[in-house]
Structures are given as C-alpha cells and as structure tokens.
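Comments concern the structure below.
The values are calculated or read from the model by the stated rules, or taken from the named source; none is laboratory data. Being a predicted model, the structure only gives us computed values, none of them experimental. Heads up, the Cβs are rebuilt from the backbone with ideal geometry, glycines too, and the neighbour counts pull from every protein chain shown. The accessibility values were calculated without ligands, DNA or RNA, using every heavy atom of the protein model including side chains. Shrake-Rupley method; radii C 1.70, N 1.55, O 1.52, S 1.80 Å.
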Amino acid sequence: MDRGTVGSANRGRLHVEVRTEGHSEVVTPVGELDHHTADLLREPLESAVEQGRVRLVVDCSRLDFCDSTGLNVLLGARLRSEAEGGGVHLAGMRPVVARVFEITGADAVFTVHASLEDALKP
C-alpha cells in the first residue's frame, strides 16, 4: 500500500516512509522509535511543515516501540503543524504504543484514528 513513496530513511531499528496522499503527508515509522532513532522521524515531519504540507498523518501501525523521545518528536511536530493551521493525526496504534500515549495523557492532544484509512478521510 505504498502509493507514491517520495522518500524514506533507515537507521537500523527504524525505517521511515514518506508519501503525499491528497492533502495529507503520510509518515510511516517502521520499527523502534527512541532516543537513537528519533531524528529519522523528526526530519521528515519538519520538512513537510516547512514545505507547507501541514496535515500530517503518522501511520503507527508498524511502530513496535515509542519512548519519551519519540513522543516529544510527535508533540513538537504537532505544535509546528498547528501553528501553520494544520494538525497531526495518529493512525493504527498498536496497544504497546497506545499505552505510552495513555499513560502520559498525550492521547488527549492528538487526533487518534483506528486506521490509516480513517485518518485520510476528509
């Protein structure tokens, strides 16, 4: 389901795919998002906002782990995107990742969708 991939990055435990679908920039982290891999996600999110693509959809369906550094990357992207009139939508979180958001209360500040398809609906 990788329609029109425009870029990707990989540093061992994390691979990030990026593509544009309609008005959304879809960013798919695959693997473990932590202190050592966070920049691989931060860079495409910042780049998208800088290029005016401010509706960010993070497809979390293939994200195996997320620590506080990864959470901070997503919170930073949310602030930058919202400052430009957009937002960050999280899609398809696995239970282990969703638990981090629940424990920290971060699930209350993001728009969370059950699936990527739901997140891409207008």
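Collect the residues in region 1-30 that are at pLDDT below 95 and either closer than 18 Å to residue 64 by Cβ or open to solvent by less than 20 Å² (accessible area, probe 1.4 Å) (or both), keeping them in residue-number order.
The answer is 8, 9, 10, 11, 12, 13.
Which members of region 31-53 meet the condition of being outside any loop (DSSP other than H, G, I, E, B), touching a strand residue (DSSP E or B) at 6+ places or on another chain (Cβ under 7 Å) and open to solvent by less than 50 Å² (accessible area, probe 1.4 Å)?
31, 33, 40, 41, 44, 45, 48
Being surrounded by 20 or more Cβ atoms within 10 Å (Cβ to Cβ) and β-branched (Val, Ile, Thr) is the filter here, so list the residues in region 88-122 that pass it.
Answer for region 88-122, where residues must be surrounded by 20 or more Cβ atoms within 10 Å (Cβ to Cβ) and β-branched (Val, Ile, Thr): 88, 97.
Regarding residue 49, is this residue farther than 17 Å from residue 114 by Cα, more than 11 Å from the chain's Cα centre (by Cα) and not charged (D, E, K, R)?
The answer is yes for residue 49.
Hey, can you tell me all the residues within region 54-87 that are open to solvent by less than 30 Å² (accessible area, probe 1.4 Å) and under 19 Å from residue 34 (Cβ atoms)?
58, 59, 60, 63, 66, 70, 71, 73, 74, 76, 77
Restricting attention to region 81-103, does a residue exist that is touching a Lys or Arg at 6+ places or on another chain (Cβ under 8 Å) and assigned to a helix (DSSP H, G or I)?
The answer is yes, given that some residue of region 81-103 is touching a Lys or Arg at 6+ places or on another chain (Cβ under 8 Å) and assigned to a helix (DSSP H, G or I).
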